[in-house]
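Asker: The structure is given below, and queries will be raised subsequently.
Laboratory data are not the source of any read-out in this text; all were calculated from the coordinates shown. Here the structure is a predicted model, which is why all the values come from computation and not from measurement. So basically every Cβ, Gly included, is an ideal-geometry build from the backbone, and we count neighbours across all protein chains shown.
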Amino acid sequence: MSEEIVCAEGPVLLFGGALTKAAQAARDALIPWAELKDAPLVAADGGARLVLGGGLVPDAVIGDFDSLSDADRAQLDPARLHHISEQETTDFDKALRSIRAPVVVGIGFHGARIDHHLAAMSVLARHPDRPCILVGEEDVTCLCPPRITLDMTPGDWLSLYPLAPVTGTSQGLDWPIDGLDFAPDVRIGTSNRVGADQVRLTMDAPAMLLILPRPALRPLLAALSRSDARWPSRAG
């Protein structure tokens, strides 16, 4: 495992190498947010291009550097480059496990390839002690913490997708999940609907993806930032 390279008391912005128009739009939209105005900017390997392309400079670049171009490297202070040579994990994994923060907001990890997308979801489950929201074009995704209270808009969709067997409880959903056993090959919870101004969820294991509409990013960021309900490290 990597040592912690970036430690922050507030959110951290983490950029991946999926250079899509949606990722560029997310970068430009989120950088001015008051909640993220002073957030450290971290790039996972080739994600440095997404940061530099917005006229910004990453505070740290973390990865095996097989995707970091010579042109991008030349623009960066060597002290900001943190090389992790092992090839067993993705650059997203290397970066996320090297950040200690209340929540990480990941941009540029939703690409055109489904295998990359699935790999990113696996990293969320592998590091349940590192709360992270992945921002896509239409949605935002995180690993559901042990408990969370969200300010939501009635009528919005809310999806729950299990990565392993997991159970939980809910308040504020049109279709409650209490008493249901979830597993990817048994029961999933996609396309539920918000029925109240607040949604409360609890989970008994770090195995449920919470997927929300993109406009729910702000309340999700606020909920994860203030929550003290955290999963322990799988390494601990």
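Asker: For region 157-236, which semi-axes, largest first and in whole Å, follow from the square roots of 5 times the eigenvalues of its Cα gyration tensor?
Answerer: Computed over region 157-236, the values are 19, 18, 11 Å.
Asker: All other residues with a Cβ under 12 Å from the Cβ of A44 taken together, and with Lys, Arg as +1 and Asp, Glu as -1, what is their net charge?
Answerer: In short, -2.
Asker: If you don't mind, there's one more thing I want to ask. What percent does the relative contact order of the chain come to when contacts are Cα pairs within less than 8 Å and at least six residues apart?
Answerer: The normalised contact order for the chain reaches 19 percent.
Asker: Tilt of helix 217-226 relative to the longest C-alpha principal axis of the chain, in degrees (0 to 90, nearest 10)?
Answerer: 90
Asker: Quick one: angle between helix 21-30 and the longest Cα principal axis of the chain, in degrees between 0 and 90, rounded to 10, please.
Answerer: It is inclined by approximately 80 degrees.
Asker: When ranked by the protection proxy of mean other Cβ atoms within 10 Å per residue, highest first, what sequence do the peptides 6-15, 152-161 form?
Answerer: The peptides rank, most packed first, as 6-15, 152-161.
Asker: For a quick protection proxy, order the peptides 78-91, 204-217, 38-51 by their average other-Cβ count within 10 Å, most packed first.
Answerer: My ranking of the peptides, most packed first, is 38-51, 204-217, 78-91.
Asker: Using a/c under 1.5 as the rounded threshold, could you call region 126-172 rounded, prolate or oblate? The axes a ≥ b ≥ c are square roots of the C-alpha gyration tensor eigenvalues, and prolate needs a/b larger than b/c, oblate otherwise.
Answerer: Since a/c reaches 1.5 but b/c is at least a/b, the shape of region 126-172 is classed as oblate.
Asker: On to the next question. Can you report the principal axis dimensions of region 1-99 using only the alpha carbons, biggest first, rounded to whole angstrom?
Answerer: On the principal axes, region 1-99 reaches 35, 31, 24 Å in Cα extent.
Asker: When you count, for each residue, the other Cβ atoms within 10 Å and take the mean per peptide, how do 131-143, 65-77 rank with the highest first?
Answerer: 131-143, 65-77
Asker: Mind checking the angle between helix 114-126 and the chain's longest principal axis? C-alpha axes, 0 to 90 degrees, to the nearest 10.
Answerer: 80
Asker: Follow-up. With 10 Å bins from zero, work out the P(r) of the chain over every alpha carbon pair and list the percent per bin.
Answerer: 8, 34, 36, 17, 4, 0
Asker: What does the charge count near A125 come to, summing +1 for each Lys or Arg and -1 for each Asp or Glu among other residues with Cβ under 14 Å from its Cβ?
Answerer: Every neighbour counted, the sum reads +2.
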